[in-house]
1. How much length would be gained if the chain were fully extended between Arg320 and Asp168, taking 0.36 nm per residue of separation minus their Cα-Cα distance, in nm to one decimal?
2. Any chance you could give the angle, 0 to 90 degrees and rounded to 10, that helix 255-265 forms with the longest Cα principal axis of the chain?
3. Check Val70: other-chain or 5+ apart residues with amide H under 5 Å from its amide H, H built from backbone geometry?
4. Which lysines does Lys137 reach when only Cα atoms under 17 Å apart count, and residues fewer than 8 places away in its own chain are ignored?
5. Give me the number: length gained by fully extending Glu257 to Lys53, i.e. 0.36 nm times residue separation minus the C-alpha to C-alpha distance, one decimal in nm.
6. In whole Hz and in residue order, list the ³J(HN,Hα) couplings for the stretch 2-14 that follow from phi through the Karplus curve 6.51 cos²θ - 1.76 cosθ + 1.60, θ = phi - 60°; x for Gly and Pro.
7. Could you work out [θ]222 nm for the chain from helices alone, using -39500 (n - 2.57) per DSSP H run of at least four and dividing by all its residues? Round to the nearest 500 deg cm²/dmol.
8. At a 1.4 Å probe, what is the % contribution of carbon and sulfur to the accessible area of the chain?
Amino acid sequence: MEELAKQYHLRRPRYESLCDELEFSLTQRMNEAGIKWHSITTRPKELESFLEKVERKDYAEPFVDAEDLVGARIVCLFMADLERTGQVLSSMFDVLAKEDKVNDGDVSAFGYMSHHYICKLSDRYSGERYDSIKDLKFEIQVRTILMDAWANMSHYLSYKNEESVPKDLTKDFHALSALLYVGDRQFEALLKASSRSAAVAEEKILRSAEIRDREVNADTVNALLEKIFPDRRPSSLDTVSEFTSELVETGYLDLVEVEKILTVNREVAARKERAMTVRSSSGEKVIGYNRVGAARAVFDTHDREFGKYRHERRRLMRQRSGADSAE
């Protein structure tokens with residue numbers, strides 16, 4: 001064990017280099033694939049954990065047989081992202097083995113769920129930068145937020161498997177595991193329902209001469225802004241949702257009324273842009289609004305109370321953010 005510990009410390013810089021490479025590459029490729037993720041983390045296996053595993057598994061060649069001396073964890077938002085993430089990993093690395101603890105496990109199992117991949121860097125990672133790490137195996141775990149919550153809580157409680165759980169707690173553990181699984185399924189259903197709602201709103205508003213849906217919500221407002229300001233940059237859904245809240249809080253509850261105000265006054269945004277033109281040695285630069293920015297410019301001018309409410313809300317948010325930072 002003493003010799004293993006010495007060898008581990010000598011190899012540790014290589015493991016840390018591989019961690020840095022994995023975190024950078026995974027973040028870049030997940031973003032390129034358009035997969036929303038909650039966290040991407042990497043870590044070298046701790047010495048104590050490595051030595052314990054060597055002893056427990058009775059490895060003949062510990063540094064060859066241990067496939068998780070470097071580990072990465074990707075925590076996704078939705079179950080559908082698990083398979084999509086697997087496709088990304090297969091395009092990036094040589095996948096030596098895969099274990100699906102979500103779909104392939106016993107339905108009455110203890111509750112730990114995750115996708116595990118044993119990988120090595122593929123030939124696309126070539127050059128001096130990768131010479132010291134290209135032969136190292138590493139493990140990547142892919143799970144949802146709720147799966148990650150279960151794994152962390154059960155780890156904190158030190159129950160590694162069902163056999164270790166006290167009998168009077170077994171039923172509660174199974175119930176909680178099932179609840180989190182149902183939660184994941186419900187999040188998946190909500191994601192699909194949200195996509196359908198956005199498609200319906202687009203059909204009713206963009207493809208119809210007359211608005212038939214008068215409800216003010218993020219989907220109908222987003223479709224309306226696309227209809228009125230088609231040439232402007234789209235706003236993020238978070239920004240559209242925030243603008244929708246501002247409309248509702250100031251009493252604009254009828255989409256037809258919102259459409260009329262934006263249509264009649266849409267040139268207000270263009271006038272405000274001209275007033276904000278920046279002049280420099282290289283010429284004039286117009287600071288252009290995106291769709292929500294243009295709509296806010298219209299409502300700030302149309303309704304002073306809307307503008308006062310919005311700016312007061314922003315002031316309170318900045319104040320709250322400052323207090324949080326101070327803490």
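The values are calculated or read from the model by the stated rules, or taken from the named source; none is laboratory data. None of the values given here were measured: they were computed from a predicted structure. With ideal geometry, Cβ positions are generated from the backbone for all residues, glycine too; neighbour counts draw on all protein chains shown. SASA here: full protein model, heavy atoms, side chains in, ligands and nucleic acids out. Shrake-Rupley method; radii C 1.70, N 1.55, O 1.52, S 1.80 Å.
1. Here the segment from Arg320 to Asp168 would lengthen by 50.3 nm.
2. With rounding to tens, the tilt is 60 degrees.
3. Answer set, sorted by chain and number: Lys45, Glu139.
4. Lys45, Lys53, Lys98, Lys120
5. The Glu257-Lys53 span can extend by a further 66.8 nm.
6. With the stated coefficients, the stretch 2-14 comes to 5, 5, 4, 4, 5, 5, 4, 5, 5, 8, 3, x, 5 Hz.
7. It lands at -19000 deg cm²/dmol.
8. Roughly 50 percent of what the probe reaches on the chain is carbon or sulfur.
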